[in-house]
């Protein structure tokens, strides 16, 4: 009888320990996603300032600015990791286009406010990359924990499901094309 109670106590301790570690990893996943959201919010707050800076110099680039504003709104309204990932990829592409457009305006490139905003966006992009890496590391640990035996049995019974990694979309995986012939013509 004592051995049965001891065995039940050991099983209970193992289950409680596993449950607590799963909750801890789940919370780390949520915290890591919150870090990404914080960086994205900083990015979203900077974009209108960049758009306003460019408007004064590049009046005929209205379509680029409208696209950027629209993509910012879409990214802000994305509800899940997959949608957020797609929207952020498109927004990143639009920002690259905007900065490429800015290259055609020497006065804009020399404008201190624009340069400050560009530097802040670069800093945010770096922080976003670090946040995404941390998020993916925590998601990897969480997914591994709930998928290995015997954890998977308890995790499934308790409703723990795998998380989605934040991955680069197709356009972000491509190499940047540099055309020196175009530069020589200028």
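The values are calculated or read from the model by the stated rules, or taken from the named source; none is laboratory data. All values reported here derive from a predicted model rather than from experimental measurement. Neighbour counts run over all protein chains shown; Cβ positions are idealised from the backbone, glycine included.
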> For the subset of region 81-101 comprising residues that are in contact (Cβ under 8 Å) with a residue 12 or more places away in the chain and out of contact with any helix residue (DSSP H, G or I) (no Cβ under 8 Å at 6 or more places or on another chain), which member is farthest from residue 120 (Cα to Cα)?
Replying inline: 82
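Residue-by-condition table, conditions (1) in contact with a helix residue (DSSP H, G or I) (Cβ under 6 Å, 6 or more places away or on another chain); (2) touching a residue at least 24 places away in the same chain (Cβ under 8 Å); (3) surrounded by 12 or more Cβ atoms within 10 Å (Cβ to Cβ):
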residue: 5; (1), (2), (3): no, no, no
residue: 8; (1), (2), (3): no, no, no
residue: 17; (1), (2), (3): no, no, no
residue: 41; (1), (2), (3): no, no, yes
residue: 44; (1), (2), (3): yes, yes, yes
residue: 47; (1), (2), (3): yes, yes, yes
residue: 50; (1), (2), (3): yes, yes, yes
residue: 63; (1), (2), (3): no, no, no
>> Restricting to region 130-186, name every residue that is within 29 Å of residue 40 (Cα to Cα), touching a helix residue (DSSP H, G or I) at 6+ places or on another chain (Cβ under 7 Å), assigned to a helix (DSSP H, G or I) and at pLDDT 85 or above.
In response: 131, 132, 134, 135, 138, 139, 141, 142, 145, 146
> Of all residues in region 88-106, which are farther than 30 Å from residue 167 by Cβ and loosely packed, with under 13 Cβ neighbours inside 10 Å?
Replying inline: 104, 106
>> Within region 107-118, does at least one residue satisfy the condition of being in contact (Cβ under 8 Å) with a residue 12 or more places away in the chain, closer than 30 Å to residue 15 by Cα and either surrounded by fewer than 13 Cβ atoms within 10 Å (Cβ to Cβ) or in contact with a helix residue (DSSP H, G or I) (Cβ under 6 Å, 6 or more places away or on another chain) (or both)?
In response: no
>> Which count do you get for residues in region 110-129 that are outside any helix (DSSP H, G or I) and under 24 Å from the mean Cα position of the chain (by Cα)?
In response: 0
> Has region 26-45 got at least one residue that is farther than 19 Å from residue 128 by Cβ and part of a helix (DSSP H, G or I)?
Replying inline: yes
